[in-house]
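Novice: Quick one: this structure, given as structure tokens, is what I'll be asking you about.
The values are calculated or read from the model by the stated rules, or taken from the named source; none is laboratory data. Worth saying up front: this structure is predicted, and the values here are computed from it rather than measured. Here the Cβ positions follow ideal geometry from the backbone for every residue, glycine too, while neighbour counts run over all protein chains shown.
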């Protein structure tokens, strides 16, 4: 597989074309951002850790019947993925109150929820990924009703699988963000699943094992990511 021109560079990853029009190389960077890019930094070896974590999780999800863009891990920092037409609607699943949900509703972080909450956000860096609902997505043409139904259903299925997976490894899956895209008429799970986009807490101590350590200046960010990788590979 020949890696060719750079197609896109985001906050955490770079996408390259290949000699196959249907496949891309996804490269994981060490750079970290928070608060819509207002806070920036570097987490040593984050790209390597996230690539390994995401590759392992995608493989596990595929084995459970979840369709993803993942093809194979190519190197420490690169994975081969299917080229997607990205649907500009991010899906967030919440199992406990944390982050923006706590701030929006004035509910103490860590409070339990009777059932998972699914939220939609318009994928737009300049606008700070504002929260939207199904009506916005449909009216502005960001996603069809069929796509939203597929994305919501897949997100809840992924939540069921990952919650059990992490629980067995002593980690609480607090919440997480998913992105989707269309490939040859099929909606696939894309992007990555890592501590960058998941809130993960130690089951016993509730110590944060995710990017909140960077956001909140808690220190030992790399060590937390390494612990997640160790648990994921058990």
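Novice: Could you check the stretch 62-93 and list, in sequence order, the residues that are within 20 Å of residue 148 (Cα to Cα) and touching a helix residue (DSSP H, G or I) at 6+ places or on another chain (Cβ under 7 Å)?
Specialist: Across the stretch 62-93, the qualifying residues are 66, 68, 87, 89, 91, 93.
Novice: Moving on to the next point. Read through the list (1) out of contact with any strand residue (DSSP E or B) (no Cβ under 6 Å at 6 or more places or on another chain); (2) in contact (Cβ under 8 Å) with a residue 60 or more places away in the chain; (3) surrounded by 18 or more Cβ atoms within 10 Å (Cβ to Cβ), then give the number of the only condition that residue 224 fails.
Specialist: (2)
Novice: Another question, then. Please list, ordered by residue number, the strands (runs of 3 or more DSSP E) wholly in the stretch 142-218 having 2 or more residues that are outside the structural domain of residue 21 (by TED's automatic domain parsing) and under 30 Å from residue 38 (Cα atoms).
Specialist: Of the strands (runs of 3 or more DSSP E) lying wholly inside the stretch 142-218, those with at least 2 residues that are outside the structural domain of residue 21 (by TED's automatic domain parsing) and under 30 Å from residue 38 (Cα atoms) span 171-183, 198-202.
Novice: Related question: For residue 45, all conditions in the list (1) loosely packed, with under 13 Cβ neighbours inside 10 Å; (2) touching a helix residue (DSSP H, G or I) at 6+ places or on another chain (Cβ under 7 Å) hold save one; what is the number of the exception?
Specialist: Only one criterion in (1) loosely packed, with under 13 Cβ neighbours inside 10 Å; (2) touching a helix residue (DSSP H, G or I) at 6+ places or on another chain (Cβ under 7 Å) is unmet by residue 45, namely (1).
Novice: Okay, moving on. Going by the conditions given, is residue 11 surrounded by 13 or more Cβ atoms within 10 Å (Cβ to Cβ), assigned to a loop (DSSP other than H, G, I, E, B) and either in contact with a strand residue (DSSP E or B) (Cβ under 9 Å, 6 or more places away or on another chain) or in contact (Cβ under 8 Å) with a residue 12 or more places away in the chain (or both)? Reasoning before the result, please.
Specialist: Values: surrounded by 13 or more Cβ atoms within 10 Å (Cβ to Cβ): yes; assigned to a loop (DSSP other than H, G, I, E, B): yes; either in contact with a strand residue (DSSP E or B) (Cβ under 9 Å, 6 or more places away or on another chain) or in contact (Cβ under 8 Å) with a residue 12 or more places away in the chain (or both): yes.
Yes.
Novice: Can you work out which of the residues in the stretch 150-164 that are farther than 12 Å from residue 92 by Cα and touching a strand residue (DSSP E or B) at 6+ places or on another chain (Cβ under 8 Å) is surrounded by the most Cβ atoms within 10 Å (Cβ to Cβ)?
Specialist: If we take residues in the stretch 150-164 being farther than 12 Å from residue 92 by Cα and touching a strand residue (DSSP E or B) at 6+ places or on another chain (Cβ under 8 Å), then 162 is surrounded by the most Cβ atoms within 10 Å (Cβ to Cβ).
Novice: Here is a further query. In this structure, is residue 132 closer than 24 Å to residue 36 by Cα, surrounded by fewer than 17 Cβ atoms within 10 Å (Cβ to Cβ) and in contact with a strand residue (DSSP E or B) (Cβ under 9 Å, 6 or more places away or on another chain)?
Specialist: No, not satisfied.
Novice: Scan (1) assigned to a strand (DSSP E or B); (2) touching a residue at least 12 places away in the same chain (Cβ under 8 Å) for the single condition residue 6 breaks and write down its number.
Specialist: Against the list (1) assigned to a strand (DSSP E or B); (2) touching a residue at least 12 places away in the same chain (Cβ under 8 Å), residue 6 comes up short only on (2).
Novice: Which numbered condition in (1) in contact with a helix residue (DSSP H, G or I) (Cβ under 6 Å, 6 or more places away or on another chain); (2) crowded, with 19+ Cβ neighbours inside 10 Å; (3) over 18 Å from residue 47 (Cβ atoms) is the only one that residue 169 fails?
Specialist: Looking at each condition in turn, residue 169 falls short on (2).
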